[in-house]
Each structure stands twice: as C-alpha cells, then as structure tokens.
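*Asks:* This is the structure, below, for whatever I ask next.
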Ligand code: GDG
C-alpha cells in the first residue's frame, strides 16, 4: 500500500468496526479497514462484551480480509473507563462543557487500568517494523504504556474531538500528567488548526515546552503535532445517494412531504450537537414566519447514544419535551413541523434522506469535525443542490466556507439562515455546492489516512524525523 511500504499497520481504538458484506460501515471504518487489509494489519479494541473476571484472552477474527483482536472488559471497567473517564470526564471537558464534566478518582483509575489492559493485549502482537496508530480520547496514555513495554515502533495518535482551551483543560485533575503521555507518540493529529493551536498553547504555557512549526518539544522528546482534517468517502457517498435503496427512501420522503421543503438534521443524540438550540432556532423561525406554517418540515434523526450516562438521559428528556411543545404549539391536523425520529437508518437510506432535504441543518455547539455536514454535501443532486447551514464551531466550518455559517447559540441567526436558504436562487446554490463538493472530494477519507500515515512513516526509528521530501 502506498504510504505504509512494507510495514504492517496496527490500529487501536475503543471499538473495532468489522467490515460487513453489505458495506454498511462508516467512512473511518472503511478507510482503516482498507489500510489494514492492504498491510495485513490488525485492529485492536474492546469487544463490547462484559465479562465477570478480566482474563486478557484475545478474540481473533477475520472478516473481509481485516483481522481484528478484541478483549472483553469487566463491568467496573465499562463504568469507570468508558461511561466514566471517557464519556463523563473527557468528552464534556473537551467539548467545552466543564459544567457537565465529572472528576472522580475511580474514573481516572479505571481509565488507566483499561489502557494498561489494552497495552498488555497489544504488546505481544507487535513486531518491530509495525506502525501503530491509536485513535481518540479513550486511549490517550496507551502509547506511553506501550513504550514502557519496550516498543520503539513508529506510533501515532489521532484525536477525533476538539482540544479544549488551556483555561478549561487545567480544570482536569492531573491534566499535565495526561498530556505528557502524548509525548510518547511520534505524530499527534487534530482535525483543525484551532485544536492544534490550543494544544501548542497548553504545552508552551503549562508545561514549558517549545514549538517550532510542526515540531513540539518537551524535555528531550520532540513530536510532530499536525492538523489533518478527516473526510468521507465522497465518491462512494455520492453513489450511495443514487442507489436503489436511496431512491426508494427519497421517493417515500418526498411523497410524504407533498411538495413541502424539508430541513434535515442527523446526529447522535448528544448534547454537543446543539439539538436543543436547533429546535429553539427552528421555533424562532416559525414564530417569525407565520407564512411558513403548514409548509416547512424539520426532520431530525437522532439515534440515542451513551444512554447509561445521566447527561444523555437528560438531553433526551429535554428534546422529547421540546419537540412535543413545538409540535403542540404549531401543528395542524395535516402538518407537523418537527418529525423527531430516534432511530438510525442504513447508510444508503440516509443518503436518500439527505438528498430529499432542501436544507441540511448542522448546528453543533462544538464538534471536532462533523461528518454529517460533508455527507449532506456529497448526497446532493448537482443540478438542484440543497443548502448547508453549518455551525461556525464545527471543525468542518474551516473547510466548508460556502455553507451558511451561523452561531448555533443564536436563534435569530438560525431563523435568518433558514429563511435565506429557502429562497436561495439555483445559481447561488450550485456555486456554493460546487465549492463545498470540491473540498469534500479533495480532502476525502483516503487523503486523511495517507497524510497521517505518510508523516508517521517519515519518522526514523530513533525518534528523529526525516526532513519532508
Ligand atoms: C466523532 C467526532 C468527528 C448518524 N446517524 C446515523 C448515522 N450516523 C452517522 C453519520 C456520520 C456519523 O454517524 C457521525 O459522525 P460525526 O462526525 O457527525 O459525529 P461523531 O459521532 O460525534 O464523531 C466528530 C468524527 O468523530 C470523525 O472524526 O467528525 O467531530 O465527534 O457518519 O452519518 N449513520 C447511519 N444511520 C443513522 O441513522 N447509517
């Protein structure tokens, strides 16, 4: 494979995604699977299963040429590591929600214990020439733990969520200990310059490190910290949008709308996605525009996630009540303003739903990147594309500058953007869409994977970095 030469790739992430014959996998899983298949690599992660006593026994499996190695965790591990430190501590803090972040010693202990378990599991699988790529906030200290077990392989880490400003990060007990572990990697990647800038700021101000271009030094360790925005498989997504399943879904949705324009939102049910603010912005639009009553429909698809965490139970209850209230206030016997759907759809059908929508409404309060914005663009009909309304606080806003960029906290801005999008002339829609599609196609998922792995391959085994060719 192009970037990896003869090296084998080992990917480690919280969960593995096994390829399926139906191809119904996310873009990240497809991209990593391809690299794993071509390099005869291994994907290591939690099986999703709970065992009474941790045994460390590895479950090996191979699907469609991709090898996976999984371990079962104990219930306490899941509580402290996954529901605890990952999703009650780091996720809210890294999404600027220190009001929701919980700091408990048990969580930190569980997080380190599970990372040690992953290190023990992975260590015997590693051969000297392998390149190791650790994914996301569940696994920050893993590289350090692998180094402690004597592995001097090339090691990279990618953070899929924002890096918070220094002033917020210092609220985390033992923050510098956690950040220090990132210096065990050779390359650390973020989606955007903003997250990268916050990381550098922290290292300089809090740790006394130094920054020289992409090189960040702390003590005797120099690593590369880069912005490397993730993408989607754009061509494949555009094809999915005209597949038979997508066309069926498109027809079904359009029929049900009876020529009314549809706005679509698609998000895991998560407080970071700004769903409450979105509903309020839409309610503001309905209030401002009585002439649009009985006309526009907002379809919000929000499959529940992390339901064991209280803040997720709360946001779900809030949205149930809010959707009910707005529908109660504005509905008529033959029109419901919000179709609020708590189920997920297969990817092809979802692509058909995106294509049926005149407006994609993507309004996270903070988002590392946001792939839904890119999928909405890729699924549009080039001859009659819809309009993307996008939060400035999504990483994707750095690339999709031809979206209507809004502040998701402002219901007025949201209302104005919906009004503008509904009446946007075809030539403007086409111009904006073409510019966004060019970016989605050029910086796609393969581009992301290659850019990161090339950086990693250029690192020499003594930890020094070869100058870029
Ligand atoms: C994290 C970061 C970053 C959603 N509903 C359905 C469905 N989805 C798919 C979407 C999209 C994916 O889930 C969500 O990706 P996002 O990027 O929007 O958000 P997170 O899940 O929070 O992902 C994020 C990402 O990692 C990658 O680095 O962009 O910032 O938070 O692909 O389509 N898919 C299907 N049915 C659904 O109902 N098939």
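*Asks:* Order by neighbour count: 248, 77, fewest other Cβ atoms within 10 Å first, most last.
*Replies:* Values: 248 13, 77 22.
By the 10 Å Cβ count, ascending, the order reads 248, 77.
*Asks:* Give me the Kirkwood hydrodynamic radius of region 62-130 in Å, from all C-alpha pairs, to one decimal place? Please report the intermediate quantities before stating the final value.
*Replies:* On the way: mean 1/r = 0.0730 Å⁻¹.
Final number for the Kirkwood radius of region 62-130 is 13.7 Å.
*Asks:* Another question, then. Once you put a point 7 Å from the Cα of residue 75 and another 7 Å from the Cα of residue 320, both along the Cβ direction, what distance in nm separates them?
*Replies:* 2.5 nm
*Asks:* How much of the DSSP bridge set in region 232-441 is antiparallel, in percent, rounded to the nearest 5? Write out the running numbers ahead of the final one.
*Replies:* Numbers: 1 of 21 bridges.
If we restrict to bridges inside region 232-441, about 5 percent are antiparallel.
*Asks:* Distances over 22 Å make up what percent of all Cα-Cα pairs in region 131-284?
*Replies:* Details: 6694 of 11781 pairs.
Across region 131-284, Cα pairs with separations above 22 Å total 57 percent.
*Asks:* Quick check on region 223-269: what does the Kirkwood estimate of hydrodynamic radius come out to from the alpha carbon pairs, in Å? Intermediate results must be reported in sequence, preceding the final value.
*Replies:* Details: mean 1/r = 0.0717 Å⁻¹.
About 14.0 Å for region 223-269.
*Asks:* Another question, if that's okay. Taking the convex hull of the Cα atoms, report for the chain its projected area averaged over all directions, in nm².
*Replies:* Numbers: hull surface 88.0 nm².
Projected area, direction-averaged: 22.0 nm².
*Asks:* Now for a different question. Could you give the nm distance between label points at residue 342 and residue 40, where each point is 7 Å from its Cα heading toward the beta carbon?
*Replies:* 4.8 nm
*Asks:* Working from Cα positions, state the angle (0 to 90°, nearest 10) between the long axis of helix 411-422 and the longest principal axis of the chain.
*Replies:* It is inclined by approximately 70 degrees.
*Asks:* In degrees, nearest 10, range 0 to 90: what is the angle between the Cα axis of helix 426-442 and the longest Cα principal axis of the chain?
*Replies:* Once rounded, one gets 10 degrees.
*Asks:* To the nearest 0.05, what FRET efficiency results for residue 308 and residue 51 with a Förster distance of 25 Å applied to their C-beta separation? Don't skip to the end; give the middle numbers.
*Replies:* Working: r = 18 Å, r/R0 = 0.70.
With a Förster radius of 25 Å, E is 0.90.
*Asks:* How far apart, in nm, are the 7 Å Cα→Cβ label points at residue 62 and residue 259?
*Replies:* 5.9 nm
*Asks:* To check you understand DSSP bridge types, tell me what percent of the beta bridges within the chain (both residues inside) are antiparallel, rounded to 5.
*Replies:* Details: 14 of 61 bridges.
DSSP beta bridges in the chain are roughly 25 percent antiparallel.
*Asks:* List the equivalent ellipsoid semi-axes of region 7-226 in whole Å, largest first, each obtained as the square root of 5λ for an eigenvalue λ of the Cα gyration tensor.
*Replies:* Each semi-axis is the square root of five times an eigenvalue, giving 27, 21, 17 Å.
*Asks:* Given the Cα atoms of region 368-452, and with Rh set as the inverse mean 1/r over their pairs in the Kirkwood sense, what is Rg to Rh to two decimals?
*Replies:* On the way: Rg = 13.2 Å, Rh = 13.4 Å.
Dividing the radius of gyration by the Kirkwood radius yields 0.99.
*Asks:* How are the Cα pair distances of region 263-380 distributed, in percent, across 10 Å bins from 0?
*Replies:* 13, 45, 35, 7, 0
*Asks:* Taking the Cα atoms only, what angle lies between the long axis of helix 27-39 and the longest principal axis of the chain, rounded to 10 degrees?
*Replies:* That works out to roughly 30 degrees.
*Asks:* Show me the three semi-axes of the equivalent ellipsoid for region 232-441, from the C-alpha gyration tensor (sqrt of 5 times each eigenvalue), largest first, rounded to whole Å. Before the final figure, lay out the partial values.
*Replies:* On the way: eigenvalues 109, 78, 65 Å².
After scaling each eigenvalue by five and taking roots: 23, 20, 18 Å.
*Asks:* Return the Rg/Rh value of region 140-186, two decimal places, where both radii are evaluated on C-alpha atoms and Rh is the Kirkwood radius. Don't skip to the end; give the middle numbers.
*Replies:* Working: Rg = 12.0 Å, Rh = 11.8 Å.
In region 140-186, Rg relative to Rh is 1.02.
Each value in this text was obtained by applying a stated rule to the coordinates, not by laboratory testing. Because the structure is predicted, anything quoted here is derived from the model rather than measured. A quick note on method: Cβ atoms are made from the backbone with ideal geometry, for glycine too, and the neighbour counts reach across all protein chains shown.
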